[in-house]
Amino acid sequence: MGFASKLGYLATQPLKRYTQISSPPYHSQLSKMTLVLIILLRIFFLLVTQGSPVNDSVSSNISLNSTLTPHINPSWFSPSGLFAFGFYPQDDGFAVGIWLTTKPEITVVWTAYRDRLPFSSNSTIEFNGDGLLLLLTGYSEQNSTEYQFDSATSVSMFDSGNFVVYNHSEVIWQSFDYHSDTIIGGQKLAADYEHPLYSSVSASQHSRGRFVLHMQYDGNLVAYPRNNSESSDDSYWSTATYSTYYESLNLNRSGYLYMVGFDEPHRVLNPHTSSPLRNNETVIYRATLNSQGNFILYSHIFTTPPSNLTRMNIEWAALQNPCKVRGVCGVNSYCSFTSVDSTECNCFPGFSFLNNTINGKVLGCYRGFTDEEACSLREQEFSYNITALENIELQVLNPYSIRNLSKNACSKSCLDDCNCWASLYADGACKKLKDPITNALLDKSVLATVFIKVRVPQTASMNIIKQVVERKKLVSVLAIAFGFLALMCTLMAFSSFFFYRVHAHRYESVSENVGLGFISDHLILRAFSFDELQKATDGFKEVIGRNSNGEVYKGLISEGKKAVAVKRLEKMFEGGEFQAEITAIAQTHHRNLVRLLGFCMHGATKLLVYEFMSNGSLADLLLAQPGWKERVRVALDVARGILYLHQECETRIIHCNIKPHNILFDESWTAKVSDFGLSKPLSPNQSGTLTSVRGTRGYLAPEWFKNTLISTKVDIYSFGVVLLEILCCTSEMGIDVSSEDKTPLTTWVYNCFAANELIRLIGDDNDDEAVDIHMFEKMVKVGLLCIQDDPEARPSIRDVILMLEGTTDIPIPPSPIPLVTSHFLI
């Protein structure tokens, strides 16, 4: 059965089901109506599934000993000449792919080696006399790449746009099985997570871009930003066909984009196609996930004889407003669109593009100074003002303050607040925001105003400063005249000052802590005074730990009966930031998390009071070589604590600093995750966040050093390193190796796993308790999966627990070290 026959067969399947349902023998009138309905449905699906003038059975067979080079004979054409395979220019070299021969510019529909550098002008593709299809990259002899099909007997370029390699009559490879950013008439996107559609970087640069379109196993066609957890919160468009079990997205030659199910009727996405063609015209349809994340169906009209211009029409688009694509513009910018397939990114007032190139503008904008710097230098209000932008929608909103104010009051409130750099006014509510601002778009239908705080140009500030200096001179003259009076007032002021300090000290401590009373809405925490904690710690005498965020002291409260750990935060926190962090930590309550008991704010000094952990840290335990069962229990305890932070507490938290020193043991040797000093709370609809590098070298995931959103997958990476340390009974052994004669722990573990020599990891120090080698191998595989370079390849913490408990099968982990490999046409 040919491809067209198969497609026609699929299209008729729903008619059989309707015939069975709508043909009861009881009622003649109903039978007539059913017959009419069947005829109409059959006519519709015949129209949907009829082919275009291009015949898939027609192909251009490539003769033996044929060779392609970028400058001489660069391509092989299909019989109609509408499709070509070969070299096309890209950047300063050439790419290999398939394209429509549209004019004046070709339209690329498939690209090999999307993410590698362009080929040089010396590259060749050869179908030689031995039946081998070869690719020579044309670089130095050491870097040359050769890919071959030993059993290839013929190669064809079809009029459908499919490039096929045969072994006699058997298809051994075809381009239709591997997608770039496009499917064309006769091609389908199957429910397969390994071969989705990835957008290109731009219309001229065909490396994998920022967006992905999945035909999911649950029957839903969904578009996501590329770096995401693929949860419903991360998607920005879908067909909403959950549990319908559609198995593929198909595009037929007539331009109908439809979904095919196992036992479901067809679902056509585009309601109609273009108008009928003239006799001398041929149409080719393609559906592309464009570089800006919108899924669009195009038609290309070719004429006979060929002209210098090919007409292109947009037949259907997933999003009529492409600015609805999540992440289409970077941080601190907003999106405006001119057409369905075109958007424009604009910086908010006072910001500049990180990269002023056309493709670089999507990276976002910066202000040139940090919030903390601006607050410390902001002695004069005249150096800032407010700019208003109307009709701005913020799709992701994480305000730190929400108040009912008038529009003018909202503007002034942000101007007067050092921590506020933008505020959103809508429906009588004023929401204050900090930098960065994400997922903003201009929409005339949105009745909202965004106020942006900007600096006044330096020249205007200097003019105002000069006026102030002149006024100060006049004040100085008057001050001399009243000098004697001022001296007397000074003496009185000193007396009043000392009296005030004695009586106001206690009130100051109480009032500062009362200012955090909002925490009681979540959990009741004790507000300690500074004097209480100074007394409880004997003047902060006994240091039991320290890190980059501050020192930890042992103390006794409740009249010396209860031991606590008091942490002094040396990191500079603004009031709102410290309150937000306490709120997030106060909401956590789990047997595998160290519990927060109280807090203290005393001027610039900020203290947190935790329950005291009497049995030290995991780093200490590993030095003592714990038994096998103890190691398995500790690993599961740590995983359950991270699961609570990621998925179960009210405010999801990225810990950012999972390591053995931050895993402590109480009197019953229960492992508990501690040190939330670097934690990063997430809002309910937030999958990631932008932040500076946090944590300890050796446990940091690779994405910390990239310009990308940080998600909960950074904790998965750190947990993987800790799990391998637990298995090998070593703390921080080789995780941060800079010398060439030392092997990192992660590399050593993978080499032993790949060589089937796990016994080398167990060592000779566990003779007192037999190691379950099956469980040991399972935990090694889980650890290697967690430290994969690609965040998408790492499991969630829930899947980690299921794999460790034996509920879920564990796949074979690939090498955690990225390998530079070349696989032709894949």
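Table for the structure above
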item: Output for region 620-669, where each listed residue is among the hydrophobic types (A, V, I, L, M, F, W, C) and more than 32 Å from the chain's Cα centre (by Cα); result: 621, 622, 623, 624, 628, 665, 669
item: Identity of the residue in region 58-86, crowded, with 20+ Cβ neighbours inside 10 Å and aromatic (Phe, Trp, Tyr), that ends up nearest to the chain's Cα centre (by Cα); result: 85
item: Subset of region 620-653 that is of a type in the set (A, V, I, L, M) and in contact with a His (Cβ under 8 Å, 6 or more places away or on another chain) - its residue that is farthest from residue 720 (Cα to Cα); result: 653
item: Residue match in region 324-342 (condition: buried (at least 17 other Cβ atoms within 10 Å of the Cβ), aliphatic (A, V, I, L, M), in contact (Cβ under 8 Å) with a residue 12 or more places away in the chain and not in a loop (DSSP other than H, G, I, E, B)); result: yes
item: Top-ranked residue of region 274-297 - restricted to ones that are free of Cβ contacts under 8 Å to residues at least 60 places away in the same chain and within 27 Å of residue 195 (Cα to Cα), ranked as surrounded by the most Cβ atoms within 10 Å (Cβ to Cβ); result: 294
item: Residue in region 216-230 that is under 19 Å from residue 112 (Cα atoms) and either crowded, with 19+ Cβ neighbours inside 10 Å or among the hydrophobic types (A, V, I, L, M, F, W, C) (or both) present; result: no
item: Within region 592-601, tally of residues that are under 19 Å from residue 638 (Cα atoms) and either modelled with pLDDT under 90 or surrounded by fewer than 19 Cβ atoms within 10 Å (Cβ to Cβ) (or both); result: 2
item: Hits in region 184-214 - residues which are among the charged types (D, E, K, R) and in contact with a Pro (Cβ under 8 Å, 6 or more places away or on another chain); result: 210
item: Residue in region 757-764 that is of a type in the set (Asp, Glu), more than 24 Å from residue 814 (Cβ to Cβ) and either modelled with pLDDT of 90 or more or exposed (fewer than 14 other Cβ atoms within 10 Å of the Cβ) (or both) present; result: yes
item: Residue match in region 344-364 (condition: assigned to a helix (DSSP H, G or I), touching a Cys at 6+ places or on another chain (Cβ under 8 Å) and at pLDDT below 90); result: yes
item: Close pairs (8 angstrom Cβ cut-off, 6 or more residues apart or separate chains): charged (D, E, K, R) in region 635-650, assigned to a loop (DSSP other than H, G, I, E, B) and crowded, with 18+ Cβ neighbours inside 10 Å anywhere; result: 637/592; 640/592
item: Residue 609 vs. criteria part of a helix (DSSP H, G or I), touching a strand residue (DSSP E or B) at 6+ places or on another chain (Cβ under 6 Å) and at pLDDT 90 or above; result: no
item: Selection status of residue 212, over 26 Å from residue 262 (Cα atoms) and either in the same structural domain as residue 251 (by TED's automatic domain parsing) or in contact (Cβ under 8 Å) with a residue 12 or more places away in the chain (or both); result: no
item: Enumeration of residues in region 423-457 that are closer than 24 Å to residue 710 by Cα and touching a Pro at 6+ places or on another chain (Cβ under 8 Å); result: 432, 433
item: Residue that is surrounded by the most Cβ atoms within 10 Å (Cβ to Cβ) [pool: residues in region 418-455 that are among the polar types (S, T, N, Q) and part of a strand (DSSP E or B)]; result: 423
item: The one condition in (1) modelled with pLDDT under 90; (2) of a type outside the set (Asp, Glu); (3) under 37 Å from the mean Cα position of the chain (by Cα) that residue 164 fails to fulfil; result: (1)
item: Given (1) at pLDDT 90 or above; (2) within 28 Å of residue 649 (Cα to Cα), index of the condition residue 589 fails; result: (1)
item: Some residue of region 173-191 being of a type in the set (A, V, I, L, M, F, W, C) and either under 13 Å from residue 291 (Cβ atoms) or without any contact (Cβ under 8 Å) to a residue 12 or more places away in the chain (or both); result: no
item: Selected residue (only one of 701, 671 is modelled with pLDDT of 80 or more, under 19 Å from residue 594 (Cα atoms) and surrounded by 24 or more Cβ atoms within 10 Å (Cβ to Cβ)); result: 671
item: Residues (part of a loop (DSSP other than H, G, I, E, B) and at pLDDT 90 or above) located in region 636-668; result: 658, 659, 666, 667, 668
item: Any hit, region 386-396, residues being of a type outside the set (Lys, Arg), modelled with pLDDT of 90 or more and in a loop (DSSP other than H, G, I, E, B); result: yes
item: Flag if residue 356 is in the same structural domain as residue 225 (by TED's automatic domain parsing) and over 29 Å from residue 188 (Cβ atoms); result: no
item: Among (1) under 30 Å from residue 117 (Cα atoms); (2) at pLDDT below 90; (3) buried (at least 20 other Cβ atoms within 10 Å of the Cβ), the one test that residue 740 misses; result: (3)
item: Enumeration of residues in region 365-385 that are in contact with a Phe, Trp or Tyr (Cβ under 8 Å, 6 or more places away or on another chain) and either modelled with pLDDT of 75 or more or part of a loop (DSSP other than H, G, I, E, B) (or both); result: 365, 366, 367, 378
item: Test result for residue 113, at pLDDT 80 or above, assigned to a loop (DSSP other than H, G, I, E, B) and either of a type in the set (Phe, Trp, Tyr) or out of contact with any strand residue (DSSP E or B) (no Cβ under 8 Å at 6 or more places or on another chain) (or both); result: yes
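This table checks each residue for (1) on the phi > 0 side of the Ramachandran plot; (2) in contact with an Asp or Glu (Cβ under 7 Å, 6 or more places away or on another chain); (3) assigned to a loop (DSSP other than H, G, I, E, B); (4) not assigned by TED's automatic domain parsing to the domain that holds residue 286.
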{"residue": "151", "(1), (2), (3), (4)": "no, no, yes, yes"}
{"residue": "155", "(1), (2), (3), (4)": "no, no, no, yes"}
{"residue": "161", "(1), (2), (3), (4)": "yes, no, yes, yes"}
{"residue": "165", "(1), (2), (3), (4)": "no, no, no, yes"}
{"residue": "172", "(1), (2), (3), (4)": "no, no, no, yes"}
{"residue": "183", "(1), (2), (3), (4)": "no, no, no, no"}
{"residue": "189", "(1), (2), (3), (4)": "no, no, no, no"}
{"residue": "193", "(1), (2), (3), (4)": "no, no, yes, no"}
{"residue": "198", "(1), (2), (3), (4)": "no, yes, no, no"}
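The values are calculated or read from the model by the stated rules, or taken from the named source; none is laboratory data. Not measured: the values here are computed from a predicted model. Using ideal geometry, Cβ is built from the backbone for each residue, glycine included, and neighbour counts are taken over all protein chains shown.
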